[in-house]
Amino acid sequence: MTRGFYIGRFQPFHEGHHTMVERISEEVDELVVGIGSADKSHTVRNPFTAGERIMMITKALVDLDIVTYAVPIEDLNRNSVWASHVRSMSPRFDVAFSNNPLVVRLFEEAGIEVRQSPMYRREEFEGTTVRERMTDDDDWESLVPAAVVEVVEEIDGVERLAHVSASDGAGGDPADEP
């Protein structure tokens with residue numbers, strides 16, 4: 001049995017991510033989906049909590065014929081030990097999937113096999129684009145699986161994103177407030 005690992009921030013989980021998981025599922029028996037920056041939420045760049053992203057991913061992947069484990073991975077900000085941090089937070093995996101040059105290098109330096117594949121319509125399916133469309137009251141729903149639309153609606157995600165976008169223009173950290 002082969003278990004893969006795929007990491008992303010998934011802010012939100014969109015059709016590009018879904019297509020990557022479908023492609024990965026052809027190569028592995030099980031997949032660990034690492035929720036990167038799990039400690040971040042309620043900002044313009046990271047509006048959704050780790051738990052909300054786990055809901056999005058779990059519901060969006062329910063119909064795929066692969067066992068998946070969604071695992072939160074908090075930021076470490078120490079690249080030299082990042083791969084061991086990921087391993088400590090995750091079920092054992094045999095191969096990692098990423099197109100991020102830094103992630104590829106860190107996994108390879110740790111002796112982990114990394115497979116890359118072309119991103120699916122990257123110019124269209126990108127978290128920044130989805131979030132911008134949410135704040136602009138434009139069609140974002142067509143860029144994400146239907147299950148993700150349901151989760152975003154359940155948590156009032158569009159309203160939250162609008163609020164943090166308007167709060168200070170940067171969606172800053174509350175710790176920075178006076």
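The values are calculated or read from the model by the stated rules, or taken from the named source; none is laboratory data. Only a predicted model underlies this, so the values are computations on that prediction, with no experimental measurement involved. We place every Cβ from the backbone using ideal geometry, glycine too, and count neighbours over all the protein chains shown.
Results, tabulated for the structure shown:
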| item | result |
| --- | --- |
| Verdict on residue 18 being in contact with a helix residue (DSSP H, G or I) (Cβ under 7 Å, 6 or more places away or on another chain), surrounded by fewer than 21 Cβ atoms within 10 Å (Cβ to Cβ) and part of a helix (DSSP H, G or I) | yes |
| Only listed residue being without any contact (Cβ under 8 Å) to a residue 12 or more places away in the chain and over 13 Å from the mean Cα position of the chain (by Cα), chosen from 30, 26, 22 | 26 |
| Residue that is surrounded by the most Cβ atoms within 10 Å (Cβ to Cβ) [pool: residues in the stretch 72-100 that are in a loop (DSSP other than H, G, I, E, B) and in contact with a helix residue (DSSP H, G or I) (Cβ under 7 Å, 6 or more places away or on another chain)] | 73 |
| Residues being of a type in the set (Phe, Trp, Tyr) and modelled with pLDDT under 95 - total across the stretch 94-121 | 1 |
| Residue in the stretch 44-58 that is under 17 Å from residue 9 (Cα atoms), in contact with a helix residue (DSSP H, G or I) (Cβ under 7 Å, 6 or more places away or on another chain), at pLDDT 95 or above and of a type in the set (Asp, Glu) present | yes |
| Residues (of a type in the set (Phe, Trp, Tyr) and touching a Pro at 6+ places or on another chain (Cβ under 9 Å)) located in the stretch 6-59 | 13, 48 |
| Lone unmet requirement of (1) part of a loop (DSSP other than H, G, I, E, B); (2) in contact (Cβ under 8 Å) with a residue 40 or more places away in the chain; (3) more than 13 Å from the chain's Cα centre (by Cα); (4) under 19 Å from residue 144 (Cβ atoms) for residue 45 | (3) |
| Output for the stretch 70-91, where each listed residue is over 20 Å from residue 40 (Cα atoms) and either in contact (Cβ under 8 Å) with a residue 40 or more places away in the chain or in contact with a strand residue (DSSP E or B) (Cβ under 6 Å, 6 or more places away or on another chain) (or both) | 91 |
| Given (1) surrounded by fewer than 14 Cβ atoms within 10 Å (Cβ to Cβ); (2) modelled with pLDDT under 95; (3) not in a loop (DSSP other than H, G, I, E, B), index of the condition residue 165 fails | (1) |
| Search result, residues across the stretch 126-147 that are surrounded by 15 or more Cβ atoms within 10 Å (Cβ to Cβ), part of a helix (DSSP H, G or I) and of a type in the set (Val, Ile, Thr) | 129, 130, 135 |
| Qualifying residue in the stretch 70-83 (condition: within 19 Å of residue 20 (Cα to Cα), over 14 Å from the mean Cα position of the chain (by Cα) and not basic (Lys, Arg)) | no |
| Any chance residue 62 is surrounded by 14 or more Cβ atoms within 10 Å (Cβ to Cβ) and either more than 17 Å from the chain's Cα centre (by Cα) or in contact (Cβ under 8 Å) with a residue 40 or more places away in the chain (or both) | no |
| Filtered residues of the stretch 25-43 (kept if surrounded by fewer than 21 Cβ atoms within 10 Å (Cβ to Cβ) and farther than 20 Å from residue 77 by Cα) | 25, 26, 27, 29, 30 |
